[in-house]
Structures are given as C-alpha cells and as structure tokens.
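J.: What follows is a structure written as structure tokens; I'll ask about it next.
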Amino acid sequence: MAAEFPRIETESLLVDAAAMNFIRRPESFDVVVGSNLFGDILSDISAIIVGSMGLAPSANLDPLRRHPSMFEPVHGSAPDIAGKGIVNPLATILSVAQMLDHLGMDAAAQQVEQAIAAVLAGRKARTPDLGGSSTTREVGDAVLEKLG
C-alpha cells in the first residue's frame, strides 16, 4: 500500500510490536492498516486506552473507493449484552459520524461529534462502562437532544 501513496510516511510492524506501541506511544499512530484479525485486536486495545469499547468507532475503508466501506462500533453487536439496555451507543453514533465524513457530509459529521462531546462533558448520561447508570436509550436520547 505504501507504494501507492509515496508521500505518506509509513511504519511496518508485526502485530505484537504494534500492540505494545499502541500502549507505549499511542500518539504516534494516525491510521492503521491491517488484516481483519489483527485490525480487530489492535482496535480493541485502542478502545480500552481511550476508556471504553463503547467509545470506539471503526471503519473498514477502501481509500480508492472501488468497493463499499463499512462503519461499525469496535465492539460489534456485543451479543453478550444485547437487549439488556446497558450497551454504550456512542461508538455506534460515532461510526455514523465517520460514515458522514466519508460521504463528504463534513458539517453533519461535526454536529454528531459535537453532540457526543457535549453529552460526555455533561457527565449525566453515562452507561455502566463509563461508571454511570444510564441505559442505552437514555444516552442515545441525550445525544439526540444535543443535536436538536
């Protein structure tokens, strides 16, 4: 891939070294390209570094736009807690912001991100993974209210 984008500085790492460096120097990573398995492992590590799997959106992108791209929370469908009302919806909503940005809808993406930032800054609507007791719906409704 580096040959296709020669102006972009790259670093090639084995997954174990990348995992270590995610923890040791996370600020040195902007974009990570990897196989589905290794990308999944590294995205889980990065989610925990920022505080919760519930805050981490992800995207599988074709930068040349030859094939469809996919946007989803790092935690996927979280089948172990689905339907219990405790899933943090913010990663899913942030995935929507990524999709909007990818589609060139920059202003809409920014509005979604700002709404989530406002909800988090308010410290009222928080799911259990963030130390709160709000339900999935309550956090989602709080984001909608900020978008209002």
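J.: Mind checking the angle between helix 90-102 and the chain's longest principal axis? C-alpha axes, 0 to 90 degrees, to the nearest 10.
T.: 50
J.: Relative contact order of region 1-147: what whole-number percent is it, with Cα pairs under 8 angstrom and at least 6 residues apart? Please report the intermediate quantities before stating the final value.
T.: Numbers: 169 pairs, mean separation 24.4, N = 147.
This gives 17 percent for region 1-147.
J.: Let me ask something else. Taking θ = phi - 60°, what integer Hz values does the Karplus form 6.51 cos²θ - 1.76 cosθ + 1.60 yield along region 82-89, in sequence order, with x for Gly and Pro?
T.: Karplus-based 3J(HN,Hα) across region 82-89 equals 4, x, 8, x, 10, 5, 6, x Hz.
J.: For helix 106-122, what angle does its Cα long axis make with the longest principal axis of the chain, in degrees from 0 to 90 and rounded to 10?
T.: 50
J.: Treating the angle as unsigned and between 0 and 90°, give the value, to the nearest 10°, between the Cα long axis of helix 15-24 and the longest Cα principal axis of the chain.
T.: Between the helix axis and the principal axis of the chain, the angle is about 60 degrees.
J.: Give me the net charge of ALA91's neighbourhood, meaning all other residues with Cβ under 11 Å from the Cβ of ALA91; Lys, Arg count +1, Asp, Glu -1. Provide the component values of the computation, followed by the final result.
T.: Details: positive: none; negative: GLU72, ASP129.
It works out to a net charge of -2.
J.: Right, another one. How high is the FRET efficiency between LEU13 and SER77 when r is their beta carbon distance and R₀ equals 22 Å, given to the nearest 0.05? Provide the component values of the computation, followed by the final result.
T.: Numbers: r = 29 Å, r/R0 = 1.32.
It comes to 0.15.
J.: With +1 on each Lys and Arg Cβ and -1 on each Asp and Glu Cβ, and nothing else charged, work out how big the dipole of region 24-77 is about its Cα centre, in Debye to the nearest 20. Present the calculation step by step, with values, prior to reporting the outcome.
T.: Working: 4 positive and 6 negative charges, 24 e Å.
About 120 debye.
J.: Here is a follow-up. Could you please report the charge total around MET53, scoring K, R as +1 and D, E as -1 over all other residues with beta-carbon less than 11 angstrom from its beta-carbon? Walk me through the intermediate numbers first.
T.: Numbers: positive: none; negative: ASP44, ASP129.
My count for the surroundings of MET53 gives -2.
J.: Let me ask something else about it. Among all stretches of the chain without exposed GluC sites (Glu not before Pro) (DSSP loop, at most 15 other Cβ atoms within 10 Å), which one is longest? Before the final figure, lay out the partial values.
T.: On the way: sites that count: GLU9, GLU11.
The answer is 12-148.
J.: Considering the dipole of region 11-112 built from charges on the beta carbon (Lys and Arg +1, Asp and Glu -1) around the Cα centre, which of GLY76, VAL87, LEU37 is farthest to its positive end?
T.: Selected residue: VAL87.
J.: For the pair GLN114 and ARG25, how long in nm is the line joining their label points, each one 7 Å along Cα→Cβ?
T.: Label at GLN114, label at ARG25, 3.6 nm between them.
J.: I'd like the Karplus ³J(HN,Hα) series for region 42-50: coefficients 6.51, -1.76, 1.60, θ = phi - 60°, whole numbers in Hz, and an x wherever there's a Gly or Pro.
T.: 5, 5, 5, 4, 5, 5, 5, 4, 7
Where a number appears in this text, it was derived from the coordinates with a stated rule and is not lab data. Just so it is clear, the structure is predicted and the values come from calculations on it, not from any experiment. Glycine also receives a Cβ, built like all others from the backbone with ideal geometry; neighbour counts cover every protein chain displayed.
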